[in-house]
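Below: the structure, in structure tokens.
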Amino acid sequence: MSESNCCNFNRRVYVLVMTNTENKDIDFIKKLTQIIENNLGDDHFGVNDLSNEIGISHSQIHRRLKEIKNQSISQFIKELRLLKAQELLQQKDLTISEIAYKVGFSSPSYFNKCYHEFFGLPPGEYKNIIKNNLTEENNKPGGNKILRSEFNKVASLNKELSGNINYLLLFISLVLLVLFMYYFFFF
């Protein structure tokens, strides 16, 4: 086998292995998501329940989720609850409290806090945006995808900025620590 054929073979094997790994990860996330969605209304459903239903230990689920999504199990469950809540907020007939209970939060105020942290604005404000921005164009089938995509852009920007702020605070803390140590040891 020539060197170029060998390299091509290695690339194909690598792509095949990566695809299989990604498919396993996707299947794993789909299983977790399905179990969580089936128990969405249960505010007591948590890490141990998920572990029991999927038949994998808590530590294995945690390790795989950290590897795939860089999230803990609790964060993953909360994210799915909040994403479902965002869908439900687009329905005019449900109040925010009803949505909070429907997606498994036992306290509407805690739901508001989590929603605001995750999406960058409170659920009531999002519901008002939906109500005020729906036009004739958006009422066409699939029309409010535009609004959702714009909202998701803003939410992801807010998440990115809050992550950058955390890194900035960490950097400032480290600089202050180094300055303190320098001052302490040399003066």
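Here are some notes:
- Cubic angstrom per residue, convex hull over Cα atoms of segment 69-131: 77
- Cβ-based net charge around PHE105, under 12 Å, with every Lys or Arg adding one and every Asp or Glu removing one: +2
- Positive minus negative residues near PHE45 (Lys, Arg vs Asp, Glu; Cβ under 11 Å): -4
- Taking 0.36 nm per residue of separation and subtracting the Cα-Cα distance, full extension of the segment from LYS31 to SER109 would add 25.1 nm.
None of the figures in this text is laboratory data; all of them are computed from the coordinates on show. None of the values given here were measured: they were computed from a predicted structure. Neighbour counts run over all protein chains shown; Cβ positions are idealised from the backbone, glycine included.
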